[in-house]
Amino acid sequence: MNNLIKFLIISLLGFLSVISQSQAQYPEKPITMVIPLGPGGSHDLNARVFTSIVPQYLGNAIIVKLVPGASGQTGTAMVAQAKPDGYTLLFTHNYIDQLQQHVKKLPYNPLKDFKAVARMNYSAACMIVRSDSKHKTLKSLFDEAKSSKGKMKLGHSGMWGATMVPMAQILSWAKVQVNLTPFKGGGPSMQGLLSGDVEAILQFPSGINAQGDKVRTLACGAKEKSLGNPPVLSDLGFPGQIGYMDRIILAPAGTPDDRIKILQSALSKLKDDKTFKKFMKRLGENTAYMNGPEYEKVRADKSEKYKDLVKIMTKG
Amino acid sequence: MFESFLNSFPLLFSGGSFLSVLSAICIGLLIGLFVGALPGLTTLMAMAIVLPISFFMEPLIGIPFLIGVYKGGIFGGSIPAILVGLPGTGASVATTFDGPPLTRLGKGRKALETALYSSVIGDLSSDFVTILLIGPIALVALLIGPPELAAILFLSILIISSTSNGSVGKNMIMLAVGLLLALIGQDPIGALSRFTFDIFELRAGIPLLPMLIGLFAIPEILLNIENKSKNFIKSKLNLNKEEKLTWNEFKKLRKTIFRSTVIGTSIGMIPGVGQVVAAFVGYAAAKNASKHPERFGKGELEGIAAPEAANNAVNGPTLVPLLTLGIPGDNITAILLGAFVAHGLRPGPQLMNEQGSLIFAIMLCMIIANVLFLIIGYFTIPIFSKVVSIKKSYLLPLTIVFAFAGSFVFRHNPADLYFLVIFGVFGYILRKLSFDVTPLVMAFILAPPLEYAFGQTMSLGNENVLMYLLYEKPIATFILCVTPLITWKLWQRSKKLRQVAAETTEDIRNNN
């Protein structure tokens, strides 16, 4: 019964914090944050965690609205057209924001129509095989791929998505040709690996941990202590940050700077919040917060790099 | 594994927490029931919104709470489907065939009770099967890859469209239209835009919910208005005086419920197929087995029991890939995965070994949720029935309001209202020309996953798909081989049934 009372008190407090907004300062009403992706994915989960804690720093609630469709373009277009008053934000990732503009005509211009509020955190993908696979290193996997002349089957989680792009980067840098098959998201691609339909996939650490000794990690985009420190791609000679998915909050361009500053100061306080850290640790996510102006540089830089990548990929 | 099953009992029942578990499930069920009953609000949205609340509860309270929302929401969606013919999800489309006719005959309460009992029985039995067979079901999930899924989806489309009403030719036209409409938007493999004519609203494809409401509810409303003068005297429905479902009527439904439960449970074991197919296949099978197939679609209780038992029987087995392999099969299980993870529990083989008793305790909660649901449903049905006991002259405009509001609330996108109106008019024309829209909707819902699985199969086949299927995928090859046989048999049978139906209508006409 104790738990039930606790739950009621917490929801009551949450409710009160929403209605007790007598102060005339921004935000006077709840802020809507659009996620251009489906429910239950890592963006949804991350957002559920920080939006349940941020009201105490922001003085008002952030309400998540999921608007999936057209590889994230439907939700992004919706925010691009929203009033730039700080009450509509976008929670997206670098591939939707910085890569898609080079692939197809968009009804918005990401760099011009949005400005970065913050990067909440990032995840780095890892290359994995089944534990009964004979490959113990990335090199051995790629050696066989080369000798099988493009017949080796690798999977990814959807065209121009968060594991497809790094996979293409890795393969093109290592000059390996394989049979790349798309799966409908990270879960199905893991199923494809486990059932033996594909030899290897890229997956984020939180998904790998759950599989225990069923899969073997060959290499990761960043240092991963929880996976027993497998080789890092950059140590293997791969250039730049490959496989990083940045989870970023954007605001429509034209949103007043003082409002963005208020948001940033609230969001940046999260990284020292105990409850936030506890939940993020459980999700297997880091809390590597980066402020908007700093991320703008990364944004411009990555946009430029993706342009060349897309050129290479669509040519082949 | 058996030991962890036994250990799950003390985990759940000892200590003072059992009461909190019960109340959490009840609150969840009520939330789900009401959200599901409002057109346009989906179970999925309800679960996403209450997810953070579960973060702050114990895992054995928070997760059953979400399961309650889930189960309540699925039944809630059937309420508007039965009473006013508004399908809230694809899974409740099959229920709109016999629901509104029953309500018009003054049997709305019987229909709702049939739906409740069939849902609970279907769900409960599938949960038991799941607990007993969790290991084998997990193996089945790993046997089903893209080629098998493609073969199964292809067979499902054929089964459903060959048992629809109307002529075979008309059904094939509807099937083709559905497939064409499904092609609009981004192609699933390469993410290129198709048939969008540079209209951005079409890039994400045609939204399912406004289309369903347009095709099913709007024609129903328009036809009702046309018949106004004819039925004016009977226009006031009073469900309070309506009779409850009798024991004899329920006994007649036993076979249907059992058949649908088996169908639903088997479909649930196959990841990626889901409730929509289960409901339609359950309906088709019941109609096929019935001695009076001509009564289906005109107010037959079996037509409610069949889809409702089948779509709920999917629930148990769909959780298996999540719990044993850590792979969520659909959006609902993906949200449950989130709830697990936020409690520091990462479902997968590891968790099954280390904390198997917790997993079994959660499955026991699903059984408890069903029992509680039976009680809550029984007492809320009269309340919901009252909603339509108002005058028809108020009910029809109210239904139109719900149709528009539901389509808008779904994505808050004004473009969806255009889709609603276009499909409403289209559906009305089709009804007048006596086309059955079921094959269209089925093709529209199943074409994208079929295309995806087909594309994957082509890719995995390394340019020699025939050899790949024959040597590496015997299950898919087998399904593809029996497909023509099954379809032929069903087609022959439905031809005979159509003859019977035609004769009986003839008889009725002669008697009049």
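The values are calculated or read from the model by the stated rules, or taken from the named source; none is laboratory data. Since the structure is predicted, the reported quantities are computational estimates derived from the model, not experimental observations. Glycine gets a Cβ as well: all are built from the backbone with ideal geometry, and neighbour counts include every protein chain shown. For accessibility, only protein heavy atoms count, side chains too; no ligands or nucleic acids. Shrake-Rupley method; radii C 1.70, N 1.55, O 1.52, S 1.80 Å.
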Margin query: Tell me yes or no: at least one residue of the range A:127-150 is within 17 Å of the chain's Cα centre (by Cα), more than 9 Å from every other protein chain (Cβ to nearest Cβ) and not hydrophobic (A, V, I, L, M, F, W, C).
Written below: no
Check: Among all residue pairs at least 6 apart or on different chains, which show Cβ distances below 6 Å where the first residue, located in the range A:91-110, is more than 12 Å from chain B (Cβ to nearest Cβ) and the second is in a loop (DSSP other than H, G, I, E, B) and not small (Gly, Ala, Ser)?
Finding: A:Thr92/A:Pro36
Note to self: Conditions first: (1) touching a Gly at 6+ places or on another chain (Cβ under 9 Å); (2) surrounded by fewer than 24 Cβ atoms within 10 Å (Cβ to Cβ); (3) facing chain B (nearest Cβ under 9 Å). A:Phe183 passes all but one, so which condition is the exception?
What the structure shows: (2)
Margin query: I'm checking my understanding of the structure. Among residues of the range A:263-289 that are among the aliphatic types (A, V, I, L, M) and buried (at least 18 other Cβ atoms within 10 Å of the Cβ), which one is farthest from B:Arg346 (Cα to Cα)?
Written below: A:Leu263
Next item on the list: From the list B:Lys287, B:Lys291, B:Lys255, pick out the single residue that is at pLDDT below 85 and open to solvent by 20 Å² or more (accessible area, probe 1.4 Å).
Entry: B:Lys291
Next item on the list: Give the residue that is nearest to the other protein chains (Cβ to nearest Cβ), with candidates limited to residues of the range A:53-90 that are open to solvent by less than 10 Å² (accessible area, probe 1.4 Å) and more than 21 Å from A:Gly41 (Cβ to Cβ).
Entry: A:Asn60
Item checked: Qualifying residues in the range B:330-341 (those that are small (Gly, Ala, Ser) and touching a Leu at 6+ places or on another chain (Cβ under 7 Å)) - the one nearest to the other protein chains (Cβ to nearest Cβ) -> B:Gly338
Checklist line | Looking only at the range A:175-200, and only at residues there that are among the aliphatic types (A, V, I, L, M) and in a loop (DSSP other than H, G, I, E, B), the one that is farthest from A:Ser147 (Cα to Cα) | finding: A:Val198
Next item on the list: With the checklist (1) in the same structural domain as A:Leu111 (by TED's automatic domain parsing); (2) crowded, with 23+ Cβ neighbours inside 10 Å in hand, flag the one item A:Pro256 doesn't pass.
Entry: (2)
Item checked: Residues being within 10 Å of another protein chain (Cβ to nearest Cβ) and closer than 19 Å to A:Gln191 by Cβ - total across the range B:441-489 -> 13
Note to self: Return the residues of the range A:102-135 that are open to solvent by 50 Å² or more (accessible area, probe 1.4 Å) and under 21 Å from A:Ser71 (Cβ atoms); say none if nothing qualifies.
What the structure shows: A:His102, A:Lys105, A:Pro107, A:Asn109, A:Leu111, A:Lys112, A:Asp113, A:Tyr122
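Of the residues B:Leu396, B:Leu323, B:Leu336, which single one is part of a helix (DSSP H, G or I) and within 20 Å of the chain's Cα centre (by Cα)?
That would be B:Leu336, the only listed residue that is part of a helix (DSSP H, G or I) and within 20 Å of the chain's Cα centre (by Cα).
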Next item on the list: Answer with yes or no whether B:Leu351 is closer than 25 Å to B:Ile144 by Cβ, of a type outside the set (Lys, Arg) and at the interface with chain A (Cβ under 8 Å from one of its Cβ atoms).
Entry: yes
Check: Any residue at all in the range B:28-38 that is under 29 Å from A:Phe279 (Cα atoms), of a type outside the set (Val, Ile, Thr) and without any contact (Cβ under 8 Å) to a residue 40 or more places away in the chain?
Finding: no
Notebook entry, point to check: Which of the residues that make up the range B:168-187 are closer than 16 Å to B:Phe423 by Cβ and at the interface with chain A (Cβ under 9 Å from one of its Cβ atoms)?
Noted result: B:Gly185
Margin query: With the structure loaded, tell me whether B:Leu66 is part of a helix (DSSP H, G or I), within 11 Å of chain A (Cβ to nearest Cβ), more than 19 Å from B:Ala115 (Cβ to Cβ) and within 23 Å of the chain's Cα centre (by Cα) or whether it fails that test.
Written below: no
Margin query: Can you tell me which residue is nearest to the other protein chains (Cβ to nearest Cβ) among those in the range B:3-42 that are among the hydroxyl-bearing types (Ser, Thr, Tyr) and open to solvent by less than 20 Å² (accessible area, probe 1.4 Å)?
Written below: B:Ser20
Check: Got a sec? Which of B:Gly122, B:Gly135, B:Gly190 is modelled with pLDDT under 85, away from chain A (no Cβ under 14 Å) and either surrounded by fewer than 19 Cβ atoms within 10 Å (Cβ to Cβ) or touching a Gly at 6+ places or on another chain (Cβ under 9 Å) (or both)?
Finding: B:Gly135
Check: A:Asp44 is checked against (1) open to solvent by less than 20 Å² (accessible area, probe 1.4 Å); (2) more than 9 Å from chain B (Cβ to nearest Cβ); (3) not hydrophobic (A, V, I, L, M, F, W, C) and fails just one. What number does that condition carry?
Finding: (2)
Margin query: Just to verify a result, which residue in the range A:268-300, among those that are more than 14 Å from every other protein chain (Cβ to nearest Cβ) and aliphatic (A, V, I, L, M), is farthest from A:Tyr122 (Cα to Cα)?
Written below: A:Ala300
Item checked: Inter-residue pairs, beta-carbon under 9 Å, first in the same structural domain as A:Asn209 (by TED's automatic domain parsing) and in the range A:119-137, second modelled with pLDDT of 95 or more and surrounded by fewer than 17 Cβ atoms within 10 Å (Cβ to Cβ), 6+ apart -> none
